[in-house]
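Trainee: Got a structure here, written out as structure tokens. Questions coming.
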Amino acid sequence: MKKTRQYDDDTIAAIATAQGDGGIAVIRISGERTLDIIKDIFSRDRKNPRPAEMESHHMYHGHILDPESDKRVDEVLCVQMKSPNSYTGENMAEIHSHGGHLVPKKILEILFKSGARPANPGEFTLRAYLNGKMDLAQAEAVTDIVNAQTEEGLKQAELQLEGALSERIGQYKDRLADILAEIEAQVDFPEEDIDHITKDRLIDNTNELIEKIGILLKTYEEGRIIKYGIATTILGKPNVGKSSLLNQLIRKERAIVSPQPGTTRDFIEESIEIRGIALKLTDTAGIRATTDEIEGLGVELAKKKALEAELIIAVIDSSNDLDNDDLEVLERIKNSKAVIALNKADIHSKIMENDLTAHIHKNRIIRTSAKLGTGIEELKDKIRELLIQTKNLSESNEITLSELRHKLALERCTLSLKSFLQAILTGESPEFLALDIRLALDSLGEITGEVTTEDILGRIFSKFCIGK
Ligand SMILES: Nc1nc2c(ncn2[C@@H]2O[C@H](COP(=O)(O)OP(=O)(O)O)[C@@H](O)[C@H]2O)c(=O)[nH]1
Ligand SMILES: [Mg+2]
């Protein structure tokens with residue numbers, strides 16, 4: 001589908017800063033009527049209340065007036081950005097008013113009375129995309145920047161906004177366009193089969209491209225973890241030191257620690273950053289066979305959390321012999337990403353690393369003392385190492401794939417290319433061959449947004465906040 005203007009030419013307005021207490025609020029306006037509206041409501045001085053011309057991209061001091069009463073509403077700074085040199089590509093303005101709850105809302109109401117309408121979530125960025133200011137992958141990166149939780153996540157979002165992913169996709173597209181041109185050159189000679197040299201070249205080039213895309217696809221797992229963090233469950237039988245370990249990891253007393261087994265009956269969730277990764281950490285009730293009904297509910301919940309977790313930190317008390325409850329925990333981590341904290345290393349040990357190697361690789365076991373805080377840094381290093389192989393993404397310019405939408409599109413592209421290779425081998429006609437390449441191109445176009453539907457756009461931009 002061609003990119004068309006899928007919206008009316010309404011002028012939209014929204015408060016772009018976080019609502020609530022704050023020194024300044026920024027109100028954003030975009031659309032055809034922006035400059036007229038500003039002329040109506042912004043006055044630079046009393047004698048010459050509404051000057052005809054304000055230079056684009058210049059900040060002016062003045063007051064917002066209520067056009068009905070001509071009363072001053074607030075003292076503000078106002079800047080206009082004339083089309084096409086603005087974020088949306090349309091005429092835009094920003095009013096920097098006093099913050100708080102009342103003033104920005106009052107100004108917004110005046111804007112609505114003067115002909116603007118409330119902006120939908122992400123509508124400024126949607127307009128930027130529709131007006132060709134950025135492609136779809138770049139537009140998506142705008143929310144990623146706002147939502148970034150870690151340095152590395154932010155760096156990845158910045159790279160994507162700068163167009164690093166789009167550029168890579170562009171390289172793939174260029175290669176496909178070359179392949180397509182070569183095939184289309186054959187269409188004029190339908191009675192002749194494509195010669196061997198050309199065939200071999202097409203096959204080699206396609207294989208090379210499939211490999212390149214494969215390398216990018218492989219970054220998805222890490223990219224997703226860097227961007228969204230990872231759901232992590234602390235698992236172990238009661239009293240092994242799970243809550244103490246959580247407290248060490250978050251470095252504050254949040255989970256309730258008690259010498260009596262079975263204290264953490266539901267679960268506690270904390271978000272923390274470990275070595276650049278956002279961990280959504282859940283401390284659970286201890287897993288053990290119990291007849292206590294309420295504790296049993298906690299145990300069930302712990303098992304459920306273990307199933308949902310993408311990473312498990314299993315805690316074993318090394319000062320006691322392994323029992324059936326420990327074995328149940330070890331059984332649960334078998335098919336998961338997991339590390340073991342062999343805890344209470346500060347007192348006499350009955351369990352050694354070697355006793356656990358039947359269940360987990362030795363290098364995933366860390367001796368800790370949640371009481372003294374030893375082994376915690378090693379545990380953090382181990383978690384990072386387990387999740388991300390790349391050294392430090394905040395310092396590298398390597399891009400990672402982090403959106404499922406992008407991954408699926410690249411997979412579809414690869415499938416079309418494989419079908420193309422198959423078709424060459426079975427001697428299909430050039431027209432037929434061209435079809436697969438066009439499909440592959442379309443899949444790439446979905447990522448950058450040349451090929452899109454209102455449905456996809458709706459889903460992407462509804463995740464934005466209002467004013468973005
Ligand atoms: N000596 C020692 N005691 C610990 C350690 N970790 C936890 N404890 C103690 O073990 C008991 C149970 O700890 P808690 O964190 O509530 O265990 P949970 O039931 O697994 O959450 C408490 O008395 C803690 O002080 C440790 O590394 N060494
Ligand atoms: Mg506990």
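Trainee: Less than 10 Å Cβ to Cβ from R224, Lys/Arg counted +1 and Asp/Glu -1: what total charge do the surrounding residues give?
Mentor: Here the charged neighbours net out to -2.
Trainee: What does the net charge come to around I24 if you take all other residues with beta carbon closer than 14 Å to its beta carbon, with K and R at +1 and D and E at -1?
Mentor: Combined, the nearby Lys, Arg, Asp and Glu give -3.
Trainee: With a sphere of radius 14 Å drawn around the Cβ of K382, what net charge do the other residues whose Cβ falls strictly inside it have (Lys, Arg +1; Asp, Glu -1)?
Mentor: Net local charge, K382 excluded: +2.
Trainee: How high is the FRET efficiency from K199 to K337, r the C-beta distance, R0 45 Å, rounded to 0.05?
Mentor: Once rounded, the FRET efficiency stands at 0.55.
Trainee: Another question, then. Using the alpha-carbon centroid of each, what span in Å lies between region 325-352 and region 179-238?
Mentor: 41 Å
Trainee: Sketch the reach of a paramagnetic label on D178 as a point 7 Å from Cα along Cα-to-Cβ, and name the residues of region 435-464 whose backbone nitrogen lies under 20 Å away.
Mentor: 435-445
Trainee: Can I ask one more? Using 11 Å as the cut-off for backbone N distance, which residues of region 85-102 belong to the label zone defined by a point 7 Å from the Cα of I24 along Cα→Cβ?
Mentor: Correct set: 95-99.
Trainee: Can I ask one more? Taking 7 Å along the Cα-to-C-beta vector as the label spot, tell me the Q422-R384 distance in nanometres, rounded to one decimal.
Mentor: Here the modelled spin labels are 4.5 nm apart.
Trainee: For region 227-387, give the share of DSSP beta bridges that are antiparallel, in percent and rounded to the nearest 5; count only bridges with both residues there.
Mentor: 30 percent
Trainee: Placing one identical point scatterer on every Cα of the chain and ignoring solvent, what is log10 I(q)/I(0) from the Debye formula at q = 0.09, 0.12, 0.13 Å⁻¹?
Mentor: -0.83, -1.04, -1.09
Read the figures in this text as sums done on the coordinates, not as results from a lab. What you see is a predicted model, and the numbers here were worked out from it, not measured in a lab. Glycine gets a Cβ as well: all are built from the backbone with ideal geometry, and neighbour counts include every protein chain shown.
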